[in-house]
Amino acid sequence: MTTKLVVGLGNPGPEYAKTRHNVGFWAIDSLCERLGFGDFDRMAKTKFNGLIADTTVDTAGGMCKLLLLKPMTYMNRSGDAVGAALRFYKLEPADLVVVVDEMQIPTGRIKLGAEGSHGGHNGLRDIQAKLGTKAYPRLRIGVDRPPAGFVQSDYVLGKPTKEQKAAMDEAVVKAAAACVSWADVGLEKTMSVYNAK
(Lines give C-alpha, C1' and ligand atoms only; values in the text may rest on other atoms or scores of the structure.)
Protein backbone atom coordinates (compact mmCIF):
# COMPACT_ATOMS: atom_id res chain seq x y z
CA MET A 1 0.00 0.00 0.00
CA THR A 2 1.31 3.44 -0.89
CA THR A 3 1.05 6.44 1.43
CA LYS A 4 0.45 10.06 0.39
CA LEU A 5 0.36 13.21 2.52
CA VAL A 6 -1.85 16.24 1.83
CA VAL A 7 -0.95 19.32 3.89
CA GLY A 8 -3.17 22.39 4.02
CA LEU A 9 -1.46 25.53 5.29
CA GLY A 10 -3.06 28.07 7.59
CA ASN A 11 -2.90 29.62 11.03
CA PRO A 12 -4.62 28.09 14.07
CA GLY A 13 -7.25 29.97 16.03
CA PRO A 14 -10.69 31.44 15.34
CA GLU A 15 -9.30 34.89 14.50
CA TYR A 16 -7.63 33.43 11.39
CA ALA A 17 -10.21 30.83 10.37
CA LYS A 18 -11.98 32.92 7.71
CA THR A 19 -8.94 34.73 6.31
CA ARG A 20 -7.45 34.32 2.83
CA HIS A 21 -4.25 32.86 4.31
CA ASN A 22 -6.23 29.89 5.68
CA VAL A 23 -7.57 28.63 2.36
CA GLY A 24 -5.26 25.60 2.71
CA PHE A 25 -7.15 24.64 5.87
CA TRP A 26 -10.43 25.11 3.98
CA ALA A 27 -9.20 22.68 1.31
CA ILE A 28 -8.45 20.03 3.95
CA ASP A 29 -11.98 20.48 5.31
CA SER A 30 -13.42 20.12 1.80
CA LEU A 31 -11.29 17.03 1.13
CA CYS A 32 -12.46 15.53 4.41
CA GLU A 33 -16.08 16.07 3.38
CA ARG A 34 -15.40 14.62 -0.08
CA LEU A 35 -13.97 11.46 1.49
CA GLY A 36 -16.95 11.11 3.82
CA PHE A 37 -15.19 11.96 7.08
CA GLY A 38 -17.42 14.72 8.31
CA ASP A 39 -15.72 17.39 10.42
CA PHE A 40 -11.92 17.19 10.16
CA ASP A 41 -11.06 19.06 13.36
CA ARG A 42 -13.30 16.83 15.46
CA MET A 43 -11.95 13.52 14.19
CA ALA A 44 -8.26 14.41 13.68
CA LYS A 45 -5.54 13.47 16.15
CA THR A 46 -2.96 15.88 17.54
CA LYS A 47 0.45 14.81 16.25
CA PHE A 48 3.51 16.29 14.49
CA ASN A 49 2.70 19.78 15.84
CA GLY A 50 -0.56 19.58 13.92
CA LEU A 51 -3.89 17.87 13.40
CA ILE A 52 -3.78 14.72 11.28
CA ALA A 53 -6.32 12.21 10.00
CA ASP A 54 -6.01 9.32 7.59
CA THR A 55 -8.13 7.15 5.36
CA THR A 56 -7.67 4.53 2.68
CA VAL A 57 -8.62 5.25 -0.92
CA ASP A 58 -8.77 2.94 -3.91
CA THR A 59 -6.50 4.25 -6.68
CA ALA A 60 -5.34 3.19 -10.13
CA GLY A 61 -2.18 1.80 -8.51
CA GLY A 62 -3.99 -0.04 -5.72
CA MET A 63 -4.96 0.97 -2.22
CA CYS A 64 -3.43 4.20 -0.87
CA LYS A 65 -3.25 5.49 2.67
CA LEU A 66 -4.11 9.18 2.41
CA LEU A 67 -2.96 11.40 5.28
CA LEU A 68 -4.47 14.86 5.82
CA LEU A 69 -2.50 17.35 7.90
CA LYS A 70 -3.11 20.87 9.21
CA PRO A 71 0.03 22.25 10.89
CA MET A 72 -0.80 24.04 14.16
CA THR A 73 2.55 25.85 14.35
CA TYR A 74 1.48 29.10 12.67
CA MET A 75 2.35 29.67 9.06
CA ASN A 76 6.05 30.57 9.38
CA ARG A 77 6.87 27.26 11.12
CA SER A 78 4.83 24.94 8.88
CA GLY A 79 7.97 22.98 8.00
CA ASP A 80 8.21 21.57 11.53
CA ALA A 81 4.96 19.64 11.14
CA VAL A 82 5.57 18.64 7.51
CA GLY A 83 9.09 17.40 8.18
CA ALA A 84 8.02 15.41 11.25
CA ALA A 85 5.21 13.69 9.35
CA LEU A 86 7.44 12.82 6.38
CA ARG A 87 10.09 11.34 8.66
CA PHE A 88 7.59 9.32 10.70
CA TYR A 89 5.93 7.77 7.65
CA LYS A 90 9.26 7.46 5.77
CA LEU A 91 7.92 9.46 2.83
CA GLU A 92 9.76 11.37 0.10
CA PRO A 93 8.90 14.98 -0.84
CA ALA A 94 7.22 13.62 -4.01
CA ASP A 95 4.69 11.83 -1.74
CA LEU A 96 3.56 15.20 -0.42
CA VAL A 97 1.29 17.91 -1.77
CA VAL A 98 1.03 21.26 0.02
CA VAL A 99 -2.16 23.31 -0.47
CA VAL A 100 -1.56 27.02 -0.10
CA ASP A 101 -2.94 30.49 -0.89
CA GLU A 102 -1.44 32.36 -3.84
CA MET A 103 -1.77 36.08 -4.58
CA GLN A 104 -0.43 35.74 -8.14
CA ILE A 105 -3.40 33.60 -9.20
CA PRO A 106 -6.94 35.01 -9.66
CA THR A 107 -9.51 34.07 -7.06
CA GLY A 108 -11.31 30.90 -8.05
CA ARG A 109 -8.37 29.39 -9.98
CA ILE A 110 -6.10 26.61 -8.77
CA LYS A 111 -2.71 25.50 -10.06
CA LEU A 112 -0.82 22.31 -9.30
CA GLY A 113 2.95 22.18 -9.76
CA ALA A 114 5.75 19.68 -9.21
CA GLU A 115 8.09 22.17 -7.55
CA GLY A 116 8.93 25.84 -7.41
CA SER A 117 10.20 28.71 -5.29
CA HIS A 118 8.44 29.78 -2.13
CA GLY A 119 7.51 33.05 -3.87
CA GLY A 120 7.71 34.96 -0.59
CA HIS A 121 5.14 32.71 1.10
CA ASN A 122 6.32 32.12 4.67
CA GLY A 123 4.76 28.67 4.93
CA LEU A 124 6.43 27.42 1.75
CA ARG A 125 9.66 29.17 2.73
CA ASP A 126 9.81 27.22 6.00
CA ILE A 127 8.88 23.90 4.39
CA GLN A 128 11.59 24.38 1.78
CA ALA A 129 14.13 25.18 4.49
CA LYS A 130 13.19 22.21 6.68
CA LEU A 131 13.03 19.71 3.80
CA GLY A 132 16.16 21.08 2.12
CA THR A 133 14.45 21.04 -1.28
CA LYS A 134 11.91 22.94 -3.35
CA ALA A 135 11.07 19.77 -5.31
CA TYR A 136 7.75 18.87 -3.75
CA PRO A 137 4.27 19.29 -5.25
CA ARG A 138 2.17 22.24 -4.24
CA LEU A 139 -1.42 23.13 -5.08
CA ARG A 140 -1.94 26.86 -5.11
CA ILE A 141 -5.36 28.43 -4.65
CA GLY A 142 -5.75 31.94 -6.01
CA VAL A 143 -6.72 34.77 -3.66
CA ASP A 144 -5.99 37.73 -6.02
CA ARG A 145 -3.36 40.42 -5.63
CA PRO A 146 -3.96 43.02 -2.92
CA PRO A 147 -5.44 46.32 -4.06
CA ALA A 148 -3.13 49.32 -4.34
CA GLY A 149 -2.06 50.58 -0.95
CA PHE A 150 -2.60 47.27 0.85
CA VAL A 151 0.25 45.68 2.81
CA GLN A 152 0.51 42.06 1.63
CA SER A 153 0.40 40.59 5.14
CA ASP A 154 -2.69 42.63 6.01
CA TYR A 155 -4.36 41.47 2.80
CA VAL A 156 -3.79 37.73 3.25
CA LEU A 157 -4.71 37.94 6.94
CA GLY A 158 -7.93 39.73 6.01
CA LYS A 159 -11.28 38.19 5.11
CA PRO A 160 -12.24 37.88 1.44
CA THR A 161 -15.05 39.93 -0.02
CA LYS A 162 -18.39 38.22 -0.55
CA GLU A 163 -17.59 37.67 -4.23
CA GLN A 164 -14.09 36.36 -3.46
CA LYS A 165 -15.44 34.02 -0.80
CA ALA A 166 -17.89 32.46 -3.27
CA ALA A 167 -15.08 31.92 -5.80
CA MET A 168 -12.74 30.56 -3.11
CA ASP A 169 -15.41 28.11 -1.94
CA GLU A 170 -15.61 26.73 -5.48
CA ALA A 171 -11.82 26.62 -5.71
CA VAL A 172 -11.40 24.57 -2.53
CA VAL A 173 -13.86 22.01 -3.88
CA LYS A 174 -11.74 21.79 -7.05
CA ALA A 175 -8.61 21.57 -4.93
CA ALA A 176 -10.05 18.66 -2.94
CA ALA A 177 -10.91 16.85 -6.18
CA ALA A 178 -7.39 17.52 -7.48
CA CYS A 179 -5.86 16.03 -4.33
CA VAL A 180 -7.87 12.84 -4.79
CA SER A 181 -6.86 12.76 -8.47
CA TRP A 182 -3.18 13.23 -7.51
CA ALA A 183 -3.35 10.22 -5.20
CA ASP A 184 -5.23 8.23 -7.85
CA VAL A 185 -3.55 8.90 -11.21
CA GLY A 186 -0.47 10.94 -10.29
CA LEU A 187 0.83 14.46 -10.69
CA GLU A 188 1.14 14.81 -14.47
CA LYS A 189 -2.35 13.60 -15.33
CA THR A 190 -3.87 15.68 -12.57
CA MET A 191 -2.02 18.81 -13.73
CA SER A 192 -3.29 18.30 -17.28
CA VAL A 193 -6.88 18.36 -16.04
CA TYR A 194 -6.90 20.86 -13.20
CA ASN A 195 -4.43 23.41 -14.58
CA ALA A 196 -6.52 23.85 -17.73
CA LYS A 197 -8.05 27.31 -18.00
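The values are calculated or read from the model by the stated rules, or taken from the named source; none is laboratory data. Remember, it's a predicted structure, so these values are computed and weren't measured experimentally. Positions of Cβ are generated from backbone atoms using ideal geometry, with glycine treated the same way; all protein chains shown enter the neighbour counts. Only protein heavy atoms, including side chains, enter the accessible area calculation; ligands, DNA and RNA are left aside. Shrake-Rupley method; radii C 1.70, N 1.55, O 1.52, S 1.80 Å.
Spacing of the modelled spin labels on Glu92 and Thr133, each 7 Å from Cα toward Cβ, amounts to 0.7 nm. Can you give the helix-only mean residue ellipticity at 222 nm for the chain, where every DSSP H stretch with n ≥ 4 adds -39500 (n - 2.57) and the sum goes over all residues, rounded to the nearest 500 deg cm²/dmol? Computed mean residue ellipticity for the chain: -11500 deg cm²/dmol.
Pick from Gly24, Gly50, Gly36: which residue has the top mean-square fluctuation in a GNM of the chain where Cα pairs under 10 Å get a spring? Residue with maximal mean-square fluctuation among Gly24, Gly50, Gly36: Gly36.
Can you pull the percent of region 1-146's accessible area that's carbon plus sulfur, 1.4 Å probe, other chains left in place? Working shown, then result.
Numbers: 2970 of 6430 Å².
The C+S portion of the solvent-accessible surface of region 1-146 is 46 percent.
Measuring nothing but how far apart in sequence close Cα pairs (under 8 Å, 6+ apart) lie, relative to its length, the chain scores a relative contact order of 27 percent. Local charge for Lys159 was computed over the other residues whose Cβ lies under 14 Å away, with Lys and Arg +1 and Asp and Glu -1, and equals -2. Classification of region 27-134 by its C-alpha gyration tensor yields a rounded form. The axis ratio a/c (a ≥ b ≥ c) stays under 1.5. 3J(HN,Hα) couplings calculated from phi for region 14-25 with the Karplus curve 6.51 cos²θ - 1.76 cosθ + 1.60 (θ = phi - 60°) are, in sequence order, x, 5, 9, 4, 9, 8, 4, 5, 9, 5, x, 5 Hz; Gly and Pro show x. The residues Leu187, Leu66, sorted by heavy-atom accessible surface at 1.4 Å with ligands and nucleic acids left out, run Leu187, Leu66 from largest to smallest. Overall form of region 78-197: oblate. Here a/c, set by the Cα gyration tensor axes a ≥ b ≥ c, is 1.5 or more, and a/b is not larger than b/c. Under a Gaussian network description of the chain, with springs only between Cα atoms under 10 Å, the residue in Leu31, Leu157, Leu69 that fluctuates furthest is Leu157. Note that the chain presents 48 Å² accessible area per residue, ligands and nucleic acids not counted, probe 1.4 Å.
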